[in-house]
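Written out below as structure tokens is the structure these notes cover.
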Amino acid sequence: ILPLFSKHKVVHFNRTDTRLANNGIQLDLQKLRCRVNFQGLKFTPEIETLGYKLVRILQDKGPFVALHLRYEMDMLAFSGCTHGCTVEEAEELKRLRYAYPWWREKEIMSEERRQQGLCPLTPEEATLVLQALGFDKETQIYIASGEIFGSERRLASLRAAFPHIVKKETILDPAELPQFQNHSSQMAALDFMVSVASNTFIPTYYGNMAKVVEGHRRHLGFKRSILPDRKKLVELLDLHQNGTLPWNDFALAVREVHEKRMGQPFRRRIIPDKPKEEDYFYANPEECLCEGTKCEDLVGPSNSSTLH
């Protein structure tokens, strides 16, 4: 490694981000990780210029919500989540899953996985959750995602409830995006910048991007990030949609479930001998959030939370 580092100055370790230790590291090293991740690392000038332009356009129109709608074909195919899809769409997703030999899990019970809280919220479910949380028709919503599976048909209810929906493709001049469009990670970088800058960030699935956006927003002063409890939400959504739970009771229950899931301080969960199940350091870098105050005052034991 050292000769390579001496020559290139930077070495990229591929696919190691989720294998980094979360806990048990010296405080000065944890703080260094924060200085690098939240201050030192930058996107290329081309990405930053366009990302800041997106943020300015949105902010000029007022406060906005960044909805990370993780309802894309690859996500659904590999998770096996087909709730709300047609039979033909479910078969298409299954074929895609079988087309990748390295993906070991082929036969997946979609509804069972959904009940466990392991599926992204559908656009229709996200619509009801946003309404229950108190967002109204005047709310400006930025859709942070790639192409939504099912396209405009699946976005119909969301658009009907929230007419002020935008995404990078509708905000920017068509000539500004082609240089990024064949690079999914660069397109995601633009969404990342907007999500970090938003007034409220809401991910419909707690994946890598959602975790790192959450961490950046904590680092910026615990900006509001509503982290859906998908397992509880599925239960409430089904009760409401089968007529058992009236709207007012549903909305109240959704708000109560998320009172302590708004990006406020809480202790990072530590699980001895199970580092992969711990809370991710970059989602909650608590050692880096306590400058000028005592960590015990900022994140007491009563703020402990479990994320799904």
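The values are calculated or read from the model by the stated rules, or taken from the named source; none is laboratory data. The model shown is predicted, which means the values in this text are computed figures rather than measured ones. With ideal geometry, Cβ positions are generated from the backbone for all residues, glycine too; neighbour counts draw on all protein chains shown. Surface areas here come from the heavy atoms of the whole protein model, side chains and all, with no ligands, DNA or RNA. Shrake-Rupley method; radii C 1.70, N 1.55, O 1.52, S 1.80 Å.
Structure above, values below:
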| quantity | calculated |
| --- | --- |
| Set R217, R224: member being of a type in the set (D, E, K, R), modelled with pLDDT of 95 or more, within 20 Å of the chain's Cα centre (by Cα) and exposed (fewer than 15 other Cβ atoms within 10 Å of the Cβ) | R224 |
| Any hit, the stretch 20-39, residues being basic (K, R), in contact with a Phe, Trp or Tyr (Cβ under 9 Å, 6 or more places away or on another chain), surrounded by 16 or more Cβ atoms within 10 Å (Cβ to Cβ) and farther than 25 Å from I271 by Cβ | no |
| Test: R255 is charged (D, E, K, R), part of a helix (DSSP H, G or I) and in contact with a strand residue (DSSP E or B) (Cβ under 8 Å, 6 or more places away or on another chain) | no |
| Selection count where residues are assigned to a loop (DSSP other than H, G, I, E, B) and either among the polar types (S, T, N, Q) or in contact with a His (Cβ under 9 Å, 6 or more places away or on another chain) (or both), scope the stretch 90-119 | 4 |
| Tally of residues being of a type in the set (A, V, I, L, M, F, W, C), open to solvent by less than 10 Å² (accessible area, probe 1.4 Å), in contact with a Ser or Thr (Cβ under 9 Å, 6 or more places away or on another chain) and in a helix (DSSP H, G or I) across the stretch 130-181 | 2 |
| Of the criteria (1) under 19 Å from L227 (Cα atoms); (2) open to solvent by less than 30 Å² (accessible area, probe 1.4 Å), which one Q115 fails | (2) |
| Flag for C81 being touching a Cys at 6+ places or on another chain (Cβ under 6 Å) and either within 30 Å of P163 (Cβ to Cβ) or open to solvent by 50 Å² or more (accessible area, probe 1.4 Å) (or both) | yes |
| Qualifying positions in the stretch 227-237 - in contact (Cβ under 8 Å) with a residue 60 or more places away in the chain, part of a helix (DSSP H, G or I) and buried (at least 19 other Cβ atoms within 10 Å of the Cβ) | R230, L233, V234, L237 |
| Some residue of the stretch 238-258 being among the hydroxyl-bearing types (S, T, Y) and surrounded by fewer than 18 Cβ atoms within 10 Å (Cβ to Cβ) | yes |
| Candidates L76, L67, L41, L50 - the one that is under 19 Å from M193 (Cβ atoms) and within 19 Å of the chain's Cα centre (by Cα) | L67 |
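Yes/no per residue for (1) within 19 Å of L239 (Cβ to Cβ); (2) at pLDDT below 90; (3) open to solvent by 80 Å² or more (accessible area, probe 1.4 Å):
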position: T86; (1), (2), (3): no, no, no
position: E91; (1), (2), (3): no, no, yes
position: Y98; (1), (2), (3): no, no, yes
position: P101; (1), (2), (3): no, yes, yes
position: R104; (1), (2), (3): no, yes, yes
position: P120; (1), (2), (3): no, no, no
position: L128; (1), (2), (3): yes, no, no
